[in-house]
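Have a look at the structure below, then the notes.
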Amino acid sequence: MAGRRDGLAALAGIAAGAVTVGVGALVALVAGPTSDPLVAVGSAFVDATPGWLKDVAVSTFGTADKVVLGIGEAVVLLALAALAGVLAARRWAWGATLVVVLGAVAGLAAMGRPEAGILAPAPAIAGAIAGLLVLRELIRRLPAAEPRDEGVQRRTFLQAALAAGALGVVAVVVGRAIGAGARGAQAARTALRIPRATTTAAPVPAGVQVGVDGVGPWQTPAAEFYRIDTALVVPQVDPSTWSLRVHGMVEQEITLTWDELLAGDLVEAWVTLACVSNPVGGDLIGNQLWLGLPIADLLARARPTGDADMVLSRSVDGFTASTPLEALTDGRDALLAIAMDGEPLPLEHGFPVRMVVPGLYGYVSATKWVTDLEVTRFADATSYWTDRGWSPEGPVKTQSRIEVPRHGSSVPAGSVVVAGTAWAQHRGVTGVQVRVDEGSWNDATLADDGGIDTWRQWSWTWDAEPGSYLLYVRASDPQGPQTGAVADVVPDGATGYDSVRVTVT
Ligand SMILES: Nc1nc2c(c(=O)[nH]1)N[C@H]1C(S)=C(S)[C@@H](COP(=O)(O)O)O[C@H]1N2
Ligand SMILES: [Mo]
């Protein structure tokens, strides 16, 4: 009967595991959301993930990468919990050791988070103790190998195991729900009123939208804006306690408070933000109206010293980005942004304050939940992604994509409208061309221009005859056409022509 006993022991392990995780989630309500054992281990895993693997994850799962990580973690945890049960049933010390080791891993991971306080290991310790107690009780109740009343023993064991497991799951759900509700950031966001801009953005021309069905909106709705970050729980920052320190190679150190930021001369700007991990033709890019304080104003007060050439921005959760000082002071709309589309930043997009720098990929410029700017030198400091093999330079590459017709679609012969979007942030799109198979390039019609920092829609009408074709697109900026050479996203952004396969019938 060893097989069946192992199965029940595995169940005992899983039930004890659920209790461990549940108690951890409840204690994390006091110790802080990133000390939750599941969150802490997942976050440590994200930070330890080599750049290439992060790249594979983002390109395979896109913005669902966090969900996939969560499922992966749950599967590994279930297997380890089952193993702890089986071991404990054979020899208690083995199972107990595994539980203690897992607890220690989670506790150390929590202590390693940038936001860690002295209570950081508490959820893991409390969870492990609760898990050990439940595991011991359940192992004691395991039906004997040759029982006289096996049915009864089995039933009481299963009842106890299911009750413990259910309690654990309920604790996780309740703990997370209370945690989300109790955090003040969402309430503070709702109560916030965004001040008017001192400098408003130029009105958007009526024709920025190319007017072809299937071409995405020129302004990306905030709710649909892509989200890329390393934060497994969205950092909760109450604006009333927020401040930004500007220090390092400066003549005057500055601490900016939330009220000072709101009282500053706020500037509005349309900026298309792009992720360096966006593959050719991809959608890790969005265009929005941002409102914020020019970072140049702040730096002018701090007065960087002679040989400084970089600003290392840091968020509450420890993420860092290294931005050329030049890009923050050369007159472009580099902002400490507080609003998107006239509303306070959504929590997941950096509430209350993030950076937005036209022309640079997000990983070197767009720090969300930002609280610290250190003026320094590229020779002296690195940042989150440049430590992982990505280029210190992160200018956005000129790119274009075909949105209509869709890849793999069929269209009737005759006039076929081909349309999409092109971008060359801070240089401006000056032209777009479309090519059928290996034919010559045809000039597309550009929609109205929203400014050099935004993307631009385009369309071209194709006189199509029956057959199967590959359509290619390329954009030009003032330096000339984008390159057709195919390059991967690592280390500084993908290149190559976007193409779609179309069947004309
Ligand atoms: N704190 C923090 N800020 C961050 C990141 C992060 O991981 N943590 N990711 C950066 C990257 S790689 C990109 S592309 C942009 C994405 O901003 P969004 O999620 O608002 O679209 O945020 C940047 N700012
Ligand atoms: Mo990114």
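None of the figures in this text is laboratory data; all of them are computed from the coordinates on show. None of these values were measured; they are calculated from a predicted model. Cβ atoms come from the backbone with ideal geometry, glycine included; neighbour counts cover every protein chain shown.
Given 20 °C and 1.002 mPa s, how large is the Stokes-Einstein diffusion coefficient of the range 222-388 in µm²/s, with Rh as the Kirkwood radius over Cα pairs? It diffuses with D of about 136 µm²/s by this estimate.
The helix-based estimate of mean residue ellipticity at 222 nm for the chain, built from -39,500 (n - 2.57) per DSSP H run of four or more residues and divided by its residue count, is -11500 deg cm²/dmol to the nearest 500. Here the dipole of the chain is about 2420 debye; that uses its Cα centre as origin and unit charges on the Cβ of Lys and Arg (positive) and Asp and Glu (negative). With a ≥ b ≥ c taken as the square roots of the eigenvalues of the C-alpha gyration tensor of the range 183-232, please select rounded if a/c is under 1.5 and otherwise prolate if a/b is larger than b/c or oblate if it is not? Oblate is the answer for the range 183-232, as a/c is 1.5 or above yet b/c matches or exceeds a/b. Once the chain from Gln252 to Leu162 is taken as fully extended at 0.36 nm per residue, the excess over their C-alpha distance is 26.2 nm.
Annotation: aspartates and glutamates with alpha-carbon distance below 19 angstrom to Lys66 (same-chain offsets under eight excluded): Asp36, Asp47, Asp55, Glu224, Asp229, Asp283, Asp317, Glu348.
Positive-end ranking of Leu135, Ala223, Trp462 along the dipole of the chain, with charges on Cβ about the Cα centre, is headed by Leu135.
Could you state the per residue volume, in Å³, of the convex hull enclosing the Cα atoms of the range 149-198?
58 Å³
Here the range 1-50 is treated as a Stokes sphere of Kirkwood radius computed over C-alpha pairs; at 10 °C and 1.306 mPa s its diffusion coefficient rounds to 126 µm²/s.
Listed by chain and number, the lysines whose C-alpha is less than 25 Å from the C-alpha of Lys397, apart from same-chain residues fewer than 8 away, are Lys54, Lys368. Counting 0.36 nm for each residue step from Ala187 to Val75 and taking away their Cα separation leaves a gain of 36.9 nm.
Pairwise alpha-carbon distances in the range 2-182 exceed 19 Å for 59% of all pairs. Once you put a point 7 Å from the Cα of Thr445 and another 7 Å from the Cα of Ala263, both along the Cβ direction, what distance in nm separates them? In this crude label model, Thr445 to Ala263 measures out at 5.2 nm. A P(r) calculated from all alpha carbon pairs of the chain, with 20 Å bins opening at zero, reads 21, 43, 27, 9, 0 percent. Over the range 222-388, what relative contact order in percent results from Cα pairs under 8 Å that are six or more residues apart? After rounding, I find 28 percent. Computed over the chain, relative contact order equals 14 percent, with contacts defined as Cα pairs under 8 Å that lie 6+ residues apart.
Spacing of the modelled spin labels on Val105 and Thr63, each 7 Å from Cα toward Cβ, amounts to 3.1 nm.
Projected label points at Arg90 and Arg154, each 7 Å from Cα along the beta carbon direction, are separated by 2.4 nanometres.
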